[in-house]
1. Step by step: first the residues of the stretch 29-46, then only those that are closer than 22 Å to LYS171 by Cα and more than 10 Å from the ligand (Cβ to nearest atom), then the one that is most open to solvent (accessible area, probe 1.4 Å). Which residue is that?
2. I want to confirm something. Restricting to the stretch 1-24 and keeping residues that are away from the ligand (no atom under 13 Å from the Cβ) and open to solvent by less than 10 Å² (accessible area, probe 1.4 Å), which single residue is nearest to HIS174 (Cα to Cα)?
3. Sort out which residues of the stretch 45-78 are under 22 Å from MET104 (Cα atoms) and basic (Lys, Arg), and write them in order of number.
4. Among the residues of the stretch 122-153, count how many are over 16 Å from ALA86 (Cα atoms), open to solvent by 30 Å² or more (accessible area, probe 1.4 Å) and of a type outside the set (D, E, K, R).
5. Looking at the structure I just gave you, is ASP188 acidic (Asp, Glu) and either open to solvent by less than 30 Å² (accessible area, probe 1.4 Å) or in contact (Cβ under 8 Å) with a residue 40 or more places away in the chain (or both)?
6. What residue, among those in the stretch 142-176 that are within 13 Å of the ligand (Cβ to nearest atom) and in contact with a Gly (Cβ under 8 Å, 6 or more places away or on another chain), is nearest to ARG103 (Cα to Cα)?
7. Would you check which residues across the stretch 134-156 are of a type in the set (Ser, Thr, Tyr), touching a Ser or Thr at 6+ places or on another chain (Cβ under 9 Å) and modelled with pLDDT of 95 or more and list them?
Amino acid sequence: RRVAILISGGGSNMVELVRSMTGDHPARPVLVASNDPAAAGLARAAELGVPTAAVDHRAFKGDRAAFEAALLDPLLAARPDIICLAGFMRILTPDFVRRFEGRMLNIHPSLLPKYPGLHTHARALEAGDREAGATVHLVTSVLDDGPILGQARVPVQPGDTAATLAARVLKAEHRLYPAALRRFAGGDASRLDL
Ligand code: GRF
């Protein structure tokens with residue numbers, strides 16, 4: 001199975017995914033693409049030997065469809081079977097999602113369906129939640145919705161800030177996403193709970 005990974009920033013989840021796809025893993029990374037040419041994750045992907053592409057969404061002044069058309073060029077050229085959104089911060093149009101529906105995964109830093117959207121850790125703290133975590137789900141045209149493939153739970157500690165909770169959740173993401181991708185790439189869409 002050929003996996004393309006979309007990033008927007010540091011790409012720590014991408015690094016864990018790429019590092020996991022070795023040996024008897026049913027998938028291999030074929031492309032890392034970003035909407036930001038300055039994304040630090042692009043250099044990390046290159047260091048790991050994965051081909052990269054960057055399409056600057058700012059060059060398309062809010063024309064989402066035009067940006068996606070440009071992104072589709074390198075993306076389709078890589079002939080991906082599976083797309084992993086990993087810290088990808090652009091909302092995709094229903095047309096783009098439809099092209100890959102059922103084989104496009106995303107990781108979101110909350111225990112969906114709680115806290116779709118942004119600032120998930122601050123919202124969990126605000127709500128006084130005792131636990132938080134991350135979710136890997138199939139992408140549909142509804143933001144942060146779609147069938148859940150896996151979740152990882154972490155405790156909220158006294159004195160947690162959004163930053164300390166985010167760091168704890170990010171570590172859980174780095175365990176969850178590779179495990180969820182390995183299952184999915186092996187044809188098993190059963191839910192994984194860590
Ligand atoms: C992090 O906030 C993570 O929780 C979310 O995307 C952001 C960047 O992740 N999934 P990464 O280091 O670029 O993978």
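1. Looking at the filtered set, the residue picked out is ALA43.
2. Step one: list which residues in the stretch 1-24 are away from the ligand (no atom under 13 Å from the Cβ), which gives 1-4, 20-24.
Okay, now just the ones that are also open to solvent by less than 10 Å² (accessible area, probe 1.4 Å), so 3-4, 21.
Working: VAL3: 17, ALA4: 17, MET21: 13 Å.
Once the filter is applied, the top-ranked residue is MET21.
3. ARG64
4. 7
5. On the way: acidic (Asp, Glu): yes; either open to solvent by less than 30 Å² (accessible area, probe 1.4 Å) or in contact (Cβ under 8 Å) with a residue 40 or more places away in the chain (or both): no.
No.
6. Only one residue fits best here, namely ASP144.
7. Step one: of the stretch 134-156, the residues of a type in the set (Ser, Thr, Tyr) are 135, 140-141.
Checking the rest, the ones that are also touching a Ser or Thr at 6+ places or on another chain (Cβ under 9 Å) come to 135, 141.
Of everything in the stretch 134-156, just one residue is of a type in the set (Ser, Thr, Tyr), touching a Ser or Thr at 6+ places or on another chain (Cβ under 9 Å) and modelled with pLDDT of 95 or more, namely THR135.
The values are calculated or read from the model by the stated rules, or taken from the named source; none is laboratory data. What you see is a predicted model, and the numbers here were worked out from it, not measured in a lab. Backbone-built Cβ (ideal geometry, glycine too); neighbour counts: all protein chains shown. For the accessible areas, the whole protein counts, side chains as well, though only heavy atoms, and no ligand, DNA or RNA atoms are used. Shrake-Rupley method; radii C 1.70, N 1.55, O 1.52, S 1.80 Å.
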